[in-house]
Amino acid sequence: VTKKILIASTALLAGLGMAYSASAQEIIKFSHVVAPNTPKGKAADYFKKRAEEILGDKVKVEIYPNSQLFNDDKVLPAILRGDVQFGAPSLAKFGKWTKKLGIYDLPFLFKDMNAVTCFQDSDDGKSLFNAMSDKGLTGVGYWHNGLKQLSANKPLREPSDAKGLKFRIQSSDVLAAQFEAVGAVPQKMAFSETYSALQTGVVDGQENTWSNIYSQKFYEVQDYITESNHGLLDYMVVTSTKWWDGLDPEIRDGLAQAMSEATKYGNDLAAELTAQQRQEVIDSGETNLIELTDAQFKDWQTAMKPVWNQFSGEIGQDLIDAAAACNK
Ligand code: LMR
């Protein structure tokens, strides 16, 4: 149930002294797991700013970063309960809700972020906003983070280097299959537990974007980062269909406008932040960057791509073909 609080606003009317008026304010909570200084963190903060500018006192948007409120496995049920109104889990985190979004985890599906944008902006990409409508969830935007890199405590140059190593993964069966394809051992784990798992050696490696490697300081506890760009880590902003449809139309329109502006703002910023934070990681001197030769890159592709066939049934071959056609 949406929490509304009554706020009393005071206005000084010339000649009449103090008059009081009261209005209902919509409190909107947005929970996410990354730091504020990331593409998602900045887009969420921008959404708050614009929503409050557009709608004034009618809304108050509260952003909860850093898994303060919920981890990604808890946030979707929390949205349905009305404990929070928005979340933006990575596209890898929806496996219990829909198999379709598994498309975004297929290794080497997108050769760059332009291909990702092309697919997300297409009718096929947008149709996935409704992939969880039977569960009461609606997607309201795709937010970029970027392409993932591999990190470990030993150099990963060839797929065989990953053999037998344990990798922390997001909760995705596609990602589990991707690591199994190179003989590695995937371990699903919450984002907030990853640093300490790397530090204590519970896992040997992980895959993530430059922004997450930087903001979570994974580079402090990983000796090598292989710039593999082998997969995507992006987000779907989701809300409860029932809550959204039940909003006062003026508020819904204002939030939709703020969301679309925040999406553009964050997605334009993501590449810049990625480049900047990649450089910070390299300049830290705490880890070693491995750049793959063309031949090594192809070896990883060859080793991991069979995963597509494993999941084409549940994702849909047509959807995969449409996404692959975005690589120009
Ligand atoms: C992860 O768990 O590695 C990511 O999904 C975290 C995030 O939200 O970027």
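The values are calculated or read from the model by the stated rules, or taken from the named source; none is laboratory data. All figures in this text were calculated on a predicted structure; none of them were measured in a lab. So basically every Cβ, Gly included, is an ideal-geometry build from the backbone, and we count neighbours across all protein chains shown.
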Residue check for Glu53: at pLDDT 95 or above and in contact with a Lys or Arg (Cβ under 9 Å, 6 or more places away or on another chain): no
Within region 41-93, which residues are in a strand (DSSP E or B) and not basic (Lys, Arg)? Val59, Val61, Glu62, Ile63, Tyr64, Phe86, Gly87, Ser90
Give Phe129, Phe108 a once-over and let me know the one that is part of a helix (DSSP H, G or I) and either crowded, with 16+ Cβ neighbours inside 10 Å or within 13 Å of the chain's Cα centre (by Cα) (or both). Phe129
Within region 223-234, which residues are over 19 Å from Ala92 (Cβ atoms) and surrounded by fewer than 23 Cβ atoms within 10 Å (Cβ to Cβ)? Asp223, Tyr224, Glu227
Taking region 59-107 and keeping only residues that are away from the ligand (no atom under 15 Å from the Cβ) and of a type in the set (Ser, Thr, Tyr), one is left with Thr98
Which residue pairs have Cβ atoms under 8 Å apart, sit 6 or more places apart or on different chains, and have a first residue in region 248-261 that is part of a loop (DSSP other than H, G, I, E, B) and a second that is buried (at least 18 other Cβ atoms within 10 Å of the Cβ)? Asp248/Glu26
Can you pull out the residues in region 162-184 that are touching a strand residue (DSSP E or B) at 6+ places or on another chain (Cβ under 9 Å), part of a loop (DSSP other than H, G, I, E, B), over 10 Å from Glu207 (Cβ atoms) and not small (Gly, Ala, Ser)? Leu165
Every residue in region 222-246 that is within 16 Å of the chain's Cα centre (by Cα) and not in a loop (DSSP other than H, G, I, E, B), please. Leu232, Leu233, Asp234, Tyr235, Met236, Val237, Val238, Thr239
Of those in region 190-206 that are more than 8 Å from the ligand (Cβ to nearest atom), of a type outside the set (S, T, N, Q) and not in a helix (DSSP H, G or I), the residue nearest to the chain's Cα centre (by Cα) is Gly205
Please go through region 219-238 and pick out each residue that is farther than 25 Å from Leu106 by Cα and touching a residue at least 60 places away in the same chain (Cβ under 8 Å). Glu220, Asp223
All but one of (1) away from the ligand (no atom under 16 Å from the Cβ); (2) in contact (Cβ under 8 Å) with a residue 24 or more places away in the chain; (3) over 14 Å from Asp234 (Cβ atoms) hold for Phe110, so report the exception by its number. (3)
Restricting attention to region 227-255, which residues are of a type in the set (Asp, Glu) and within 16 Å of the ligand (Cβ to nearest atom)? Asp234
